[in-house]
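Following: one structure in structure tokens, then a few remarks.
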Amino acid sequence: MENTALVRKLGAFVALSGAELSVLEALHKRRRVLVAGRDLVHQGQSEQAAYILASGWACSYKILQNGQRQIVDFQIPGDFLGLRSVLLHVSDHSIEPVTDIEVTEVLAADLLDAFARPPPPRLAAAVLWAASRDEAMVVEHLVDVGRRNAAERMAHFLLELGARLSLVGLGSRAGYACPLTQYLLGDALGLSAVHVNRVLWQLRESEMVTFRDGHVAFHAYDRLAECADFDPTYLDQVGPPLIEPPEHCRRRNAVP
């Protein structure tokens, strides 16, 4: 478990103990493989499960009455899919695999059982941290669409993806593999595919970043971050504030 994307991600908040890793492993009982383009969750669907994305990419989106689609976010390995759907009566959004994906299905009973086992508080806090971090990203995406121009919006989005992928060992400040099409980028950023193409050309001509053939390459990372006003603080990836597993604390504080 310690080498999985989920553990790498939660490790940004808490240094997981062996017991906590065992609890996470118990959640990975039901694995499913799904093909790209076939919804995993439908908007308005009831009796939902949550999922942990083990490999591949997915997107969360909403469909408007006029048929237009707004992509809310993209999910990468280590992310939860539809976590709040296990608490709401119906799902408030749809989830579609962007590529073929492998997921672990997690029912509400699985989560309750996991949090009832010792040691639950730190692990529950780590999952809450992951959900809070996702909410912080949605807030930033609202700022993208509402206040940043098209070039700033695209640059900020590509930098955020790079930071998220770096956390789970799939990217770096040099770049990362990215399966997203210009149509998907447009649905996420509120741009037409033609506008997306134009903006990517502008960023490439500025010698800051190139997105070509499924790969994002950063040429001037700091300059791009300045252009996009990208401050990764909201991603909260500086290191775990909860360093020691509980058993280490008990041994350290034990009376000889």
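Results, tabulated for the structure shown:
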{"quantity": "Span from the segment 204-221 Cα centroid across to the segment 6-58 one, whole angstrom", "calculated": "31 Å"}
{"quantity": "Structure-based [θ]222 nm, the chain - -39500 (n - 2.57) summed over DSSP H runs of at least 4, per residue, nearest 500", "calculated": "-13000 deg cm²/dmol"}
{"quantity": "Hull volume in cubic angstrom per residue (convex hull over the Cα atoms of the chain)", "calculated": "134 Å³"}
{"quantity": "By accessible area with a 1.4 Å probe, ligands and nucleic acids excluded, highest first: order of H89, H42, H195", "calculated": "H89, H42, H195"}
{"quantity": "By accessible area with a 1.4 Å probe, ligands and nucleic acids excluded, highest first: order of H28, H93, H219", "calculated": "H219, H28, H93"}
{"quantity": "Relative intensity, log₁₀ I(q)/I(0), of segment 1-120 from a Debye sum that treats every alpha carbon as a point, q = 0.18 Å⁻¹", "calculated": "-0.96"}
{"quantity": "Between 0 and 90°, nearest 10: helix 193-205 axis offset from the chain longest Cα axis", "calculated": "90 degrees"}
{"quantity": "Å² per residue, accessible surface of segment 157-204 at 1.4 Å", "calculated": "40 Å²"}
{"quantity": "Per DSSP, loop trypsin sites (Lys or Arg not before Pro) in segment 108-174 with at most 14 further Cβ within 10 Å", "calculated": "R173"}
{"quantity": "Compactness relative to 2.2 N^0.38 Å, alpha carbon Rg of segment 93-205", "calculated": "1.32"}
{"quantity": "Local electrostatic count at M1 - Lys and Arg +1, Asp and Glu -1, tallied over other residues with Cβ under 12 Å", "calculated": "-2"}
{"quantity": "Surface per residue (accessible, 1.4 Å probe) for segment 1-112, Å²", "calculated": "46 Å²"}
{"quantity": "Local net charge near L189, Cβ-Cβ under 14 Å (Lys/Arg +1, Asp/Glu -1)", "calculated": "-1"}
{"quantity": "Carbon + sulfur, % of accessible area of segment 29-132 - ligands and nucleic acids excluded, 1.4 Å", "calculated": "56 percent"}
{"quantity": "Solvent-accessible surface (1.4 angstrom probe) belonging to T99, in square angstrom, nearest 10", "calculated": "40 Å²"}
{"quantity": "Proximal charge balance of Q70 [Cβ under 9 Å; K/R count +1, D/E count -1]", "calculated": "+1"}
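The values are calculated or read from the model by the stated rules, or taken from the named source; none is laboratory data. Note that the structure is predicted; figures quoted are calculated from it, not measured. Neighbour counts run over all protein chains shown; Cβ positions are idealised from the backbone, glycine included. The protein model used for the area step is the full one, side chains on, heavy atoms only, and it has no ligands, DNA or RNA in it. Shrake-Rupley method; radii C 1.70, N 1.55, O 1.52, S 1.80 Å.
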